[in-house]
Amino acid sequence: MSEILLSQLAHVELISPKPAETVEWMKEVFGLEETTREGQSVYLRGWAEWLHSSLIITEGREPGVGRIGWRTYGPGDPELVAQRLADTEEAVGWVDDWEGHGATYQYRAPHGRHLHEVFWDVERYQAPPEKQDPVIKNRPQRFSGKGIGARYLDHVTMPTQNMRGDIDFYKRLGARHTAQTEVEPGFAVFSTLTCNGIRSSHDLALVPDFSGMTGRAHHIAFRVDQRQDVERAAEVFLANDTPIEFGPGVHGIDEITYLYVREPGGFRMEINSGGWLNTMPDWETTTYQAAGGNPGQSIWRNVEAPEGFHEAWPLPAGEAAAKNDEALADENVRDFFGDNTTGTR
Ligand SMILES: [Fe+2]
């Protein structure tokens, strides 16, 4: 018997210390569409996304990620997740009436302690007549042509103190562990997982958290249709005074064309395209070695991560920063995360 509990990464909440600037950038440069505003949050979605929202911008003191939302594969699945996690330290509980979706069950990953939520009932985006696509019925609205035109939410990447432990937890909810990069045998510094049993190479990625902190995040990724759209996005970012951190390039681990920038609140956003289709439900995790040119990070094996690429938010301070810097001083780790120490940017 097989089981798919989750159907898609539905939304991520991005905390921004500069919410007005972040929202403006997400709409005008990243090309997202605003659905609604409620309390301290603004709800956005890619132009081709059917659900109410995929990126929720919420005001906060420091950049970071709040709720990570997953739509289940069918009705009753949120209850199944709740049953499976009942009486565990991961259980948070039921919440009602979140904007854009129905009854919602929340839980935390055991080690990274990231806050996840699952739901089945969703509010679908309904375009006003002037935005409706007159021809292509699988589009919820016309192509917007705004900014880089980010189309769909793709994945979220998060540090965790215990990657193996969190991978085992996500697998209990149906995730496949598709690939990893090690800096030495048994020391993984990057892992990709997907809840999707039929297509994706990853909708969740993990990196190690050396700071001792929990609940931090490294980046949120959106997707465009073509690899050339990523190069076009680089031009749009340059024209809008958004410095490019890393890319365009191709990660060998999933064969996606990547590009990383920082949004005005300071958080890292990725835009990507391409990638191979992992259709194998019984796929066995592939392992790349970082030493000697990591094909997982750069398929051409000739590009290293830039300074500061290890940064994840909230940034560590004091003892946590010292702990983080000590781990990053390891030559092999530096090869993967870039040569820098915390707090210098
Ligand atoms: Fe990514």
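The values are calculated or read from the model by the stated rules, or taken from the named source; none is laboratory data. Keep in mind it's a predicted model, so treat the numbers as computed, not measured. With ideal geometry, Cβ positions are generated from the backbone for all residues, glycine too; neighbour counts draw on all protein chains shown. Note: areas computed on protein heavy atoms with side chains; ligands, DNA, RNA excluded. Shrake-Rupley method; radii C 1.70, N 1.55, O 1.52, S 1.80 Å.
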Roughly how far apart, in whole Å, are the Cα centres of the stretch 170-208 and the stretch 267-345?
14
Quick one: 3J(HN,Hα) in Hz for the stretch 56-69, Karplus 6.51/-1.76/1.60 with θ = phi - 60°, rounded, Gly and Pro as x.
10, 9, 10, 5, x, 5, 10, x, x, 10, x, 6, 10, x
Over the stretch 104-170, with neighbouring protein chains present, the accessible area per residue in Å² at probe 1.4 Å is 45
Across 20 Å bins from 0, what is the distribution of all Cα-Cα pair distances for the chain, in whole percents?
31, 62, 7
Accessible-area value, H114, 1.4 Å probe, nucleic acids and ligands omitted, Å²:
10
Compute, for I244, the solvent-accessible surface of its heavy atoms (probe 1.4 Å) with the complete set of protein chains present, and express it in square angstrom to the nearest 10.
60
Amide H neighbours of D133 under 5 Å, at least 5 residues apart or on other chains, H built in the peptide plane: list them.
Q141, R142
Among the lysines, which have Cα under 25 Å from the Cα of K146 when same-chain residues fewer than 8 positions away are ignored?
K18, K27, K131, K137
With charges only on Cβ, +1 for K and R and -1 for D and E, what is the dipole size of the stretch 196-345 about its Cα centre, in debye, rounded to 20?
240
Please list 3J(HN,Hα) in residue order for the stretch 210-215, calculated via the Karplus relation 6.51 cos²θ - 1.76 cosθ + 1.60 where θ = phi - 60°; whole Hz, with x for glycine and proline.
8, 7, x, 7, 10, x
With DNA, RNA and ligands ignored, accessible area of W313 (1.4 Å probe; Å², nearest 10)
10
The stretch 181-278, accessible area per residue, ligands and nucleic acids excluded (1.4 Å, Å²)
33
Label-point separation in nm, A322 to L238, each point 7 Å along Cα→Cβ
4.4
Interchain or sequence-distant (5+) residues whose placed amide H lies within less than 5 Å of the amide H of V189 are T181, E182, V183
With Cβ to Cβ distances under 14 Å as the rule, what net charge do the other residues near A291 carry (K, R +1; D, E -1)?
-4
Length-normalised contact order of the chain, Cα under 8 Å, at least 6 apart, in percent, tallies to 17
Residues whose placed amide H lies under 5 Å from that of T160, excluding near-sequence neighbours
V207, D209
